[in-house]
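Visitor: First the structure, which I've put down as structure tokens, then a few questions once you've had a look.
The values are calculated or read from the model by the stated rules, or taken from the named source; none is laboratory data. Computed from a prediction, not measured in an experiment: that's the story for all the values here. Please note: Cβ atoms are built from the backbone with ideal geometry, for glycine as well, and neighbour counts cover all protein chains shown.
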Amino acid sequence: MKSSFKGIDRLAIITDFSWNNCISIIGFRFFNNKNEFFGDETIFETTIIYQGNNNNYKIIANFINIESLQILVDHREIQLDLFSITDIREDGWCTLNYWVKDIESEDISFYCNDIEIISVEQI
């Protein structure tokens with residue numbers, strides 16, 4: 001997927017990065033914020049564990065202006081089986097640009113306008 005979301009360059013420390021290698025969401029927070037134009041926006045901040053290249057990484061990502069959020073949490077973390085972020089900008093959905101979901105387990109699904117990678121660190 002060709003992507004243009006903010007902070008994508010922070011993922012460069014992970015060679016051959018693929019969203020499919022995200023194995024769990026170990027923390028999340030939902031809050032309202034003011035954007036640079038003082039407009040309201042909703043933020044879904046997530047802490048994602050990524051497994052690849054014989055290393056594990058912690059990725060903190062903000063999903064901005066989300067809609068249709070569905071989460072199923074039945075453990076200490078949200079297990080991800082086949083995590084996917086689909087660019088839907090060409091589909092004509094007003095301001096919704098991405099569909100974020102776990103295709104296999106369907107434990108998480110939502111749409112958002114923008115994505116920002118806040119940090120990536122090896123753990």
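Visitor: Touching a strand residue (DSSP E or B) at 6+ places or on another chain (Cβ under 8 Å), buried (at least 16 other Cβ atoms within 10 Å of the Cβ), part of a strand (DSSP E or B) and hydrophobic (A, V, I, L, M, F, W, C): is that true of ILE26 in this structure?
Guide: No; evaluated as a whole, the condition is false for this residue.
Visitor: In the range 75-101, how many residues are under 17 Å from PHE28 (Cβ atoms), of a type outside the set (Lys, Arg) and without any contact (Cβ under 8 Å) to a residue 24 or more places away in the chain?
Guide: 1
Visitor: Which of (1) under 15 Å from CYS22 (Cα atoms); (2) touching a residue at least 24 places away in the same chain (Cβ under 8 Å); (3) not aromatic (Phe, Trp, Tyr) is the odd one out, the single condition ASP114 does not satisfy?
Guide: So the condition that ASP114 fails would be (1).
Visitor: May I pose another question? Could you identify the single residue in ILE60, ILE118, ILE49, ILE88 that is at pLDDT below 95 and of a type in the set (Val, Ile, Thr)?
Guide: Of the residues listed, the single one that is at pLDDT below 95 and of a type in the set (Val, Ile, Thr) is ILE88.
Visitor: Looking only at strands (runs of 3 or more DSSP E) that fall completely inside the range 65-123, which ones have 3 or more residues that are of a type in the set (A, V, I, L, M)?
Guide: On the way: elements: 83-87, 98-102, 108-122.
Hits in the range 65-123: 108-122.
Visitor: A follow-up question, please. Of ASN35, ASN55, which residue is surrounded by fewer than 13 Cβ atoms within 10 Å (Cβ to Cβ) and at pLDDT 90 or above?
Guide: ASN55
Visitor: Is it the case that the range 38-46 has a residue that's touching a residue at least 24 places away in the same chain (Cβ under 8 Å), of a type in the set (A, V, I, L, M, F, W, C), surrounded by 14 or more Cβ atoms within 10 Å (Cβ to Cβ) and not in a loop (DSSP other than H, G, I, E, B)?
Guide: Yes, the conditions are met somewhere in the range 38-46.
Visitor: Got a sec? Which of ILE108, ILE66, ILE49, ILE78 is within 16 Å of the chain's Cα centre (by Cα), surrounded by 14 or more Cβ atoms within 10 Å (Cβ to Cβ) and under 22 Å from ASP9 (Cα atoms)?
Guide: When all the criteria are applied, what remains is ILE49.
Visitor: Hey, among ALA61, ALA12, which residue is among the aliphatic types (A, V, I, L, M) and closer than 20 Å to GLU106 by Cα?
Guide: ALA61
Visitor: Can you tell me which residue within the range 81-105, out of those that are surrounded by 14 or more Cβ atoms within 10 Å (Cβ to Cβ) and polar (S, T, N, Q), is farthest from ASP9 (Cα to Cα)?
Guide: Per the criteria, the residue is SER105.
Visitor: What pairs can you find where one residue is in the range 10-26 and at positive phi, the other is among the small types (Gly, Ala, Ser) and modelled with pLDDT under 90, and their Cβ atoms are less than 8 Å apart, with a gap of 6+ or different chains?
Guide: ASP16/GLY52
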